[in-house]
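The values are calculated or read from the model by the stated rules, or taken from the named source; none is laboratory data. Note that the structure is predicted; figures quoted are calculated from it, not measured. Cβ: placed from backbone, ideal geometry, glycine included. Neighbour counts: every protein chain shown. Surface areas here come from the heavy atoms of the whole protein model, side chains and all, with no ligands, DNA or RNA. Shrake-Rupley method; radii C 1.70, N 1.55, O 1.52, S 1.80 Å.
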Amino acid sequence: MAAKKLTKNEIKKLKKSLELEKKAAWPGLKTSERNTVLEWCNEYIDFLSCAKTERETVRHIKEVVEKGGFKPAEDARPGTGRVFWTFRDKVAAAAVLGKQGPESGIRLIASHIDAPRLDLKIHPLYEELGMALLKTHYYGGIKKFHWVATPLALHGVVVTANGDSVNICIGEDDSDPVLMVNDLLPHLSRKVQGSKKIGDAIPAEKLNVLAGGFPIAGPEDTKDAVKLNVLRLLNEKYGITEADLVSAELELVPSGRARDAGIDRAFVCGYGQDDRSCAWASLQALLDLKKPSVTGVAIFLDKEEIGSDGNTGAKSKFLEKIYFDLFRLTGTKTGPDTLLNALLGTEAISADVTAAIDPDYQEVHDKRNNAMAGHGICLKKYTGHGGKYAANDASAEYVGRIRRTWDTAGVSWQAGSMGKVDEGGGGTVAKYLAALGMNIVDAGPPLLSMHAPWEIAHKVDLYMTYRGYRAFFEM
Ligand code: MN
Ligand code: MN
């Protein structure tokens, strides 16, 4: 039987009830909500500006949770409702204990607080042509050309011969010098750079930072007099020697504060928004939790950008430690399968950013399936590359549960994947946590210029990420 011809009005109704409408988040907000978004982002900008390394982020998270009444898990007595952990100064976590015991699972939001950067090499300092320089080794997925001819700051820790830890920060205060990797002038770079592929144009061994140009006052034939002068200055200010740089973690990051971007201030420009945007959003969501039914945990991981390896990455045992502490704090009787059952019963979000469709490079995106800046938090059923290799592919049921939660809570959200299938791709911590048995799905804000020294996020996406995480903890 042929279907009856529909009127214009009926078509309109049918479209509304059947078609998925992709909407920008901002127009649907009341003026008061818009102001809340802007205020929320101001605090976020302050956080980004003072948390530029994983260690600084851990320190900052610790301050925030302590202010929020959280107690260190190691000293907490059974019955304590709000606890936090720091681990090797590079990982943190915080929990709000729920009415249900942790043995049947927790709600976990896992973000990472490491970001692409230039690390100093083991023996960084040398002198060449009357200039002192520092050799670097890049960390994570960078485009090397981003890191030349741009002001950098040196952040990190040096452990001296007698075991003292010395915090270093050069290049953030207005009165500080900045550090620069120089680039070749265009007049002479036609062959050595211009004729090469962009990824080969600047070899890693040329990412050396200018550190000095004044020779030490002394006999004119003093060897490496400029290098010695730099060492003298470092020793005066920090009490360190060249040998101490062997036991150090020194990171070069873009100098300066995060700030508003765009004439209308719709965006945040900041270093390390992958993934500190999710770290901040999940921390704020957890702080809002009062007495949840299920225990909420936010974990802030290191080493995601280089494969989640090492004793501070997602593959480390830190997560298990959290579960055991939760068992202890709730007086849970544990047997050989308690941890396994808790892991299997856990619902999680891998809190990480995704790529926003770039108006200038639309050819690498699938416009129908990728995230739009300004359309809210993006739910990614799967990540990975090629034929879903290295993917965590969340179940339809779990995606359905998250979707219902966000719709009920009025969260502006979108669903998407990253880029065209054959174009590349990338993973998150989701697959490592999924391997432990929990239900997990990726969700976070879309970014422009992801992994560049200054990344761009739409303010409404940042705020909706926080709202999405809060609704998840409360679901
Ligand atoms: Mn990330
Ligand atoms: Mn990344």
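Sort out which residues of the range 302-313 are open to solvent by 10 Å² or more (accessible area, probe 1.4 Å) and either within 14 Å of ligand 1 (Cβ to nearest atom) or hydrophobic (A, V, I, L, M, F, W, C) (or both), and write them in order of number.
Answer for the range 302-313, where residues must be open to solvent by 10 Å² or more (accessible area, probe 1.4 Å) and either within 14 Å of ligand 1 (Cβ to nearest atom) or hydrophobic (A, V, I, L, M, F, W, C) (or both): Lys303, Glu304, Glu305, Ile306, Gly307.
Name, by its number, the condition in (1) assigned by TED's automatic domain parsing to the domain that holds Phe47; (2) in contact with a Gly (Cβ under 9 Å, 6 or more places away or on another chain); (3) open to solvent by 10 Å² or more (accessible area, probe 1.4 Å); (4) within 23 Å of Ala457 (Cα to Cα) that does not hold for Asp275.
Going through the list (1) assigned by TED's automatic domain parsing to the domain that holds Phe47; (2) in contact with a Gly (Cβ under 9 Å, 6 or more places away or on another chain); (3) open to solvent by 10 Å² or more (accessible area, probe 1.4 Å); (4) within 23 Å of Ala457 (Cα to Cα), Asp275 breaks only (3).
Can you confirm whether Thr332 is more than 22 Å from His458 (Cα to Cα) and either open to solvent by less than 10 Å² (accessible area, probe 1.4 Å) or among the polar types (S, T, N, Q) (or both)?
It is true that Thr332 is more than 22 Å from His458 (Cα to Cα) and either open to solvent by less than 10 Å² (accessible area, probe 1.4 Å) or among the polar types (S, T, N, Q) (or both).
Out of Gly171, Gly156, Gly199, Gly130, I need the residue that is farther than 29 Å from Ile306 by Cα, away from ligand 1 (no atom under 16 Å from the Cβ), in contact (Cβ under 8 Å) with a residue 12 or more places away in the chain and not charged (D, E, K, R). Which one?
Gly130
Among the numbered criteria (1) over 26 Å from Pro27 (Cβ atoms); (2) open to solvent by less than 40 Å² (accessible area, probe 1.4 Å); (3) modelled with pLDDT under 95, which one does Val441 miss?
Here Val441 clears every test but (3).
Residue-by-condition table, conditions (1) aliphatic (A, V, I, L, M); (2) open to solvent by 30 Å² or more (accessible area, probe 1.4 Å); (3) farther than 29 Å from Val253 by Cα:
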| site | (1), (2), (3) |
| --- | --- |
| Tyr398 | no, no, yes |
| Arg404 | no, yes, yes |
| Gly410 | no, yes, yes |
| His451 | no, yes, no |
| Asp461 | no, no, no |
| Met464 | yes, no, no |
| Phe472 | no, no, yes |
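Do the conditions hold for Ala435, that is, is it in contact with a Ser or Thr (Cβ under 7 Å, 6 or more places away or on another chain) and surrounded by fewer than 23 Cβ atoms within 10 Å (Cβ to Cβ)?
The answer is no for Ala435.
Could you list, in sequence order, all residues of the range 399-429 that are at pLDDT 95 or above and not β-branched (Val, Ile, Thr)?
Result: Gly400, Arg401, Arg403, Arg404, Trp406, Asp407, Ala409, Gly410, Ser412, Trp413, Gln414, Ala415.
If Val294 meets every condition in (1) away from ligand 1 (no atom under 15 Å from the Cβ); (2) within 18 Å of Val58 (Cα to Cα); (3) surrounded by fewer than 24 Cβ atoms within 10 Å (Cβ to Cβ) apart from one, which number is that one?
Checking Val294 against (1) away from ligand 1 (no atom under 15 Å from the Cβ); (2) within 18 Å of Val58 (Cα to Cα); (3) surrounded by fewer than 24 Cβ atoms within 10 Å (Cβ to Cβ), the one that fails is (2).
Of the residues Ala261, Ala281, Ala285, which is aliphatic (A, V, I, L, M), within 16 Å of ligand 1 (Cβ to nearest atom) and crowded, with 18+ Cβ neighbours inside 10 Å?
When all the criteria are applied, what remains is Ala281.
Within the range 368-383, is there a residue that is away from ligand 1 (no atom under 16 Å from the Cβ) and either more than 21 Å from the chain's Cα centre (by Cα) or aromatic (Phe, Trp, Tyr) (or both)?
yes
Those residues that are more than 16 Å from ligand 1 (Cβ to nearest atom) and assigned to a loop (DSSP other than H, G, I, E, B), I need them from the range 388-399; list them, please. Outline the logic, then answer.
Start the filter on the range 388-399 by keeping residues that are more than 16 Å from ligand 1 (Cβ to nearest atom), which leaves 388-389, 393-399.
Passing the criteria: Lys388, Ala394, Ser395.
Looking only at the range 75-126, which residues are at pLDDT 95 or above and among the acidic types (Asp, Glu)?
The answer is Asp89, Glu103, Asp114, Asp119.
Going residue by residue through the range 374-386, is there one that turns out to be among the small types (Gly, Ala, Ser), crowded, with 21+ Cβ neighbours inside 10 Å and in contact with a His (Cβ under 7 Å, 6 or more places away or on another chain)?
yes
Within 16 Å of ligand 1 (Cβ to nearest atom), out of contact with any Pro (no Cβ under 8 Å at 6 or more places or on another chain) and either at pLDDT 95 or above or outside the structural domain of Met450 (by TED's automatic domain parsing) (or both): does that describe Ile322?
Details: within 16 Å of ligand 1 (Cβ to nearest atom): no; out of contact with any Pro (no Cβ under 8 Å at 6 or more places or on another chain): yes; either at pLDDT 95 or above or outside the structural domain of Met450 (by TED's automatic domain parsing) (or both): yes.
Criteria not met by Ile322.
Are any residues in the range 66-88 under 17 Å from Lys317 (Cα atoms) and either open to solvent by less than 10 Å² (accessible area, probe 1.4 Å) or free of Cβ contacts under 8 Å to residues at least 40 places away in the same chain (or both), and if so, which ones?
Scanning the range 66-88 gives Ala73, Phe84, Thr86.
Step by step: first the residues of the range 333-385, then only those that are in a strand (DSSP E or B) and of a type in the set (D, E, K, R), then the one that is farthest from ligand 2 (Cβ to nearest atom). Which residue is that?
Glu347
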